[in-house]
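Have a look at the structure below, then the notes.
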Amino acid sequence: MSIVTVQLGQCGNQIGFEVFDALFSDSHCPQKFCSKRENEAYQASCKERFFSEEENGVPVARAVLVDMEPKVINQTLSKAAHSGRWKYGQHSHFCQKQGSGNNWAYGYSVHGPRHEESIMNLIQKEVEKCDSLSGFFIVMSMAGGTGSGLGAFLTQNLQDQYSNSLKMNQIIWPYGTGEVIVQNYNSILTLSHLYRSSDALLVHENDAVHKICAKLMNIKQISFRDINQVLAHQLGSVFQPTYSGEGSFHYRRNPLGDLMEDLVPHPEFKMLGVRNIPQMSENSLAYSTFTWAGLLKHLRQMLISDAKMEEGIDWQVRPPLSGLPTLGKMPLTKEFHFNTSIANLVILRGKDVHSADLGAFKDPALYTSWLEPVTAFNVWKTQRAFSKYEKSAALVSNSQSLVKPLDMIVGKAWNMFASKAYLHQYTKFGIEEEDFLDGFALLEQVIASYRNL
């Protein structure tokens with residue numbers, strides 16, 4: 001089954017390009033750990049999901065590119081075409097001459113209705129090229145104007161027009177220190193609207209990815225391209241094919257459906273995060289060896305201590321009631337740093353994958369009391385290695401991890417809203433105070449639900 005990707009705004013288009021490039025590079029990587037036949041099946045499965053074949057043999061990304069300024073789209077189209085390996089469709093993009101000026105209301109209330117028909121037609125054409133549609137993958141930021149405002153508007157439209165297809169929004173969480181003065185308003189409006197129309201929100205925090213670039217990849221001058229390549233690697237490790245079951249050598253047919261089934265057991269809880277291990281520069285990789293036991297021990301501790309990378313993990317955080325002795329005299333508040341999960345999915349790729357022991361992820365103490373580990377935990381595997389790593393693991397989790405950043409954004413937005421700062425920029429495009437209050441109420445409810453796990 002195929003996934004149609006919708007790339008929105010500067011951020012969505014730049015990330016979208018890196019994702020397709022990473023998927024293509026990985027599927028054409030030389031392989032040592034799986035048979036030729038298996039590798040060909042993997043390539044065919046990747047292609048069916050993300051690319052359609054052109055007549056001259058160049059794969060075309062199943063994507064629609066949308067931005068209100070032409071610059072980034074032109075750059076993205078030309079980068080793909082010049083790669084000579086894959087490209088975007090000739091008529092798969094929509095752009096205008098004037099952006100949204102980082103104003104959510106302008107993207108949602110002006111650009112959305114004005115260009116709805118043209119954009120939805122492009123999406124429909126892309127859907128018609130799929131033999132079978134798994135759903136939509138919508139890549140956007142939540143701090144700006146076009147990606148966030150127009151993104152929320154289009155996700156609502158997709159929900160109306162394709163109610164039987166799944167929608168997953170990949171959202172870039174803004175830097176805490178701020179890129180845009182009204183980013184907290186834009187974020188509140190984006191998240192509250194998506195919570196009503198999307199099936200799952202896959203969140204990446206700019207601050208966390210920035211740290212991965214600095215600490216794990218040893219990049220001195222970090223650019224947006226570096227950040228986007230880390231994001232693309234993480235997304236590829238989730239979306240590339242895996243076997244459909246233990247002992248099976250057939251690849252899963254419905255990637256979005258399987259993700260939702262394993263990770264979103266209730267519509268109140270739909271915020272997902274991704275962690276990967278290992279992540280390192282080419283230079284370090286040459287001197288490193290990994291065991292499944294070591295990788296999974298680190299990954300589990302990253303989950304329960306809410307660490308985004310394997311450096312700087314707090315090893316003192318333990319599951320409550322797990323029966324393990326505490327290390328030293330720990331403060332009573334330590335238990336509150338424990339990150340409770342609703343659902344976890346571990347995706348393993350590479351050598352000897354069937355020997356990996358995942359028992360530690362089935363500990364009931366990791367999960368909310370109303371779900372059994374047998375329901376809450378799933379694992380996907382394939383012997384085919386991903387990218388440059390002989391063994392690699394990705395963890396997609398639905399947990400309390402985003403409560404703190406969400407609470408901070410709601411708090412900052414509320415402080416501005418209470419003093420009516422910048423509200424006129426929204427009300428002049430039809431977004432009323434009532435809309436903000438609805439957004440605050442919905443997100444406060446989300447925070448409370450996650451806190452009570």
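Annotations for the structure displayed:
- When residues of the range 206-253 are limited to those that are polar (S, T, N, Q) and under 21 Å from Gly178 (Cα atoms), the one most open to solvent (accessible area, probe 1.4 Å): Gln221
- All positions within the range 298-323 that are open to solvent by less than 30 Å² (accessible area, probe 1.4 Å) and part of a helix (DSSP H, G or I): Leu299, Gln301, Met302, Leu303, Ile304
- Considering only residues in the range 52-74 that are of a type in the set (D, E, K, R) and exposed (fewer than 14 other Cβ atoms within 10 Å of the Cβ), the one that is farthest from Gln425 (Cα to Cα) turns out to be Glu55.
- The range 1-60: number of residues that are of a type in the set (A, V, I, L, M), in contact (Cβ under 8 Å) with a residue 40 or more places away in the chain and in a helix (DSSP H, G or I): 5
- Of the residues making up the range 359-407, just one is of a type in the set (Val, Ile, Thr) and assigned to a loop (DSSP other than H, G, I, E, B), namely Thr368.
- Check on Lys420, more than 18 Å from Tyr367 (Cα to Cα) and free of Cβ contacts under 8 Å to residues at least 12 places away in the same chain: yes
- Taking the listed residues Glu38, Glu48, the one that is open to solvent by 30 Å² or more (accessible area, probe 1.4 Å) and either of a type in the set (Asp, Glu) or modelled with pLDDT under 90 (or both) is Glu48, with no other qualifying.
- Pairing each residue of the range 424-453 that is at positive phi with any residue that is open to solvent by 60 Å² or more (accessible area, probe 1.4 Å) and not polar (S, T, N, Q), provided the two are 6+ apart or on different chains, yields no C-beta distance under 7 Å.
- Search result, residues across the range 157-175 that are under 14 Å from Ile227 (Cβ atoms) and buried (at least 16 other Cβ atoms within 10 Å of the Cβ): Gln170, Ile172, Trp173, Pro174
- Selection status of Val379, under 22 Å from Pro364 (Cα atoms), crowded, with 17+ Cβ neighbours inside 10 Å and in contact with an Asp or Glu (Cβ under 9 Å, 6 or more places away or on another chain): yes
- Residues that are in contact with a strand residue (DSSP E or B) (Cβ under 6 Å, 6 or more places away or on another chain) and among the charged types (D, E, K, R) were ranked within the range 151-207; the one that is nearest to Ile123 (Cα to Cα) is Lys167.
- Sole residue being assigned by the TED database to the domain that holds Ala152 and crowded, with 22+ Cβ neighbours inside 10 Å, chosen from Leu77, Leu122, Leu23: Leu23
- Complete set of residues in the range 352-401 that are without any contact (Cβ under 8 Å) to a residue 60 or more places away in the chain and touching a helix residue (DSSP H, G or I) at 6+ places or on another chain (Cβ under 6 Å): Lys362, Pro364, Tyr367, Pro373, Phe377
- Residue within the range 342-351 that is in a helix (DSSP H, G or I) and either in contact (Cβ under 8 Å) with a residue 60 or more places away in the chain or more than 30 Å from Asn39 (Cα to Cα) (or both) present: no
- Flag if His266 is closer than 27 Å to Leu371 by Cα and open to solvent by 10 Å² or more (accessible area, probe 1.4 Å): yes
The values are calculated or read from the model by the stated rules, or taken from the named source; none is laboratory data. Just so it is clear, the structure is predicted and the values come from calculations on it, not from any experiment. Counting neighbours? That spans all protein chains shown, and the Cβs are built from the backbone with ideal geometry, glycine included. The area values use the complete protein model at the heavy-atom level, side chains included, leaving out ligands, DNA and RNA. Shrake-Rupley method; radii C 1.70, N 1.55, O 1.52, S 1.80 Å.
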